[in-house]
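> This is the structure I want to talk about, given as structure tokens.
The values are calculated or read from the model by the stated rules, or taken from the named source; none is laboratory data. Nothing here was measured: the structure is a model prediction, and the numbers come from that model. As a convention, Cβ positions derive from the backbone with ideal geometry for all residues, glycine included, and neighbour counts pool all protein chains shown.
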Amino acid sequence: MSTALALAQSLLARAAHPGTPEQEARTSAMILVRRIATEGLELCPTGTALELAMLRAQVAQLNSALSIAQIKLSKKTTEVRSEARRSRSKKVAAKVMTPRRIIRADFASVCTSCGDPFAVGDRVAWRKGEGCLCLNCHRAKVAA
């Protein structure tokens, strides 16, 4: 048995013994934790070393499968995002191609192009999200 393992076992025995004063038990436990972390010690009951090795192999397989699944998910996410960008650009193109509608103004406002005012009931050219144009500006844009 290695000296590191023997020291770890003695620290564990001291920390767990009911007759050890509380502060000494706490100090022994902290030293044990520090040594386990720095030296990579593994304390396990007799007969469980083989089970531990098998569990590690299973964890390695699961980590490998998880990495593969994450890569596939990443590729799928990239594809979905690309498709969303393409569909958004199609929607924007469709929006630009939508003709203006000639309507009667429900509210007094101003032309979004020249700034001339128009009153309630005036005929204006309207497109969703872009506001209203007076008919003169609309004709000029259609002609251009």
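> I'm trying to understand the selection: among the residues of region 17-34, which are surrounded by 10 or more Cβ atoms within 10 Å (Cβ to Cβ) and part of a helix (DSSP H, G or I)?
Passing the criteria: Glu24, Ala25, Arg26, Thr27, Ser28, Ala29, Met30, Ile31, Leu32, Val33, Arg34.
> Hey, any hits in region 64-73 for a residue that's touching a helix residue (DSSP H, G or I) at 6+ places or on another chain (Cβ under 6 Å) and either at pLDDT below 85 or not hydrophobic (A, V, I, L, M, F, W, C) (or both)?
no
> Being aromatic (Phe, Trp, Tyr) and exposed (fewer than 10 other Cβ atoms within 10 Å of the Cβ) is the filter here, so list the residues in region 104-144 that pass it.
Matches in region 104-144: Phe107 only.
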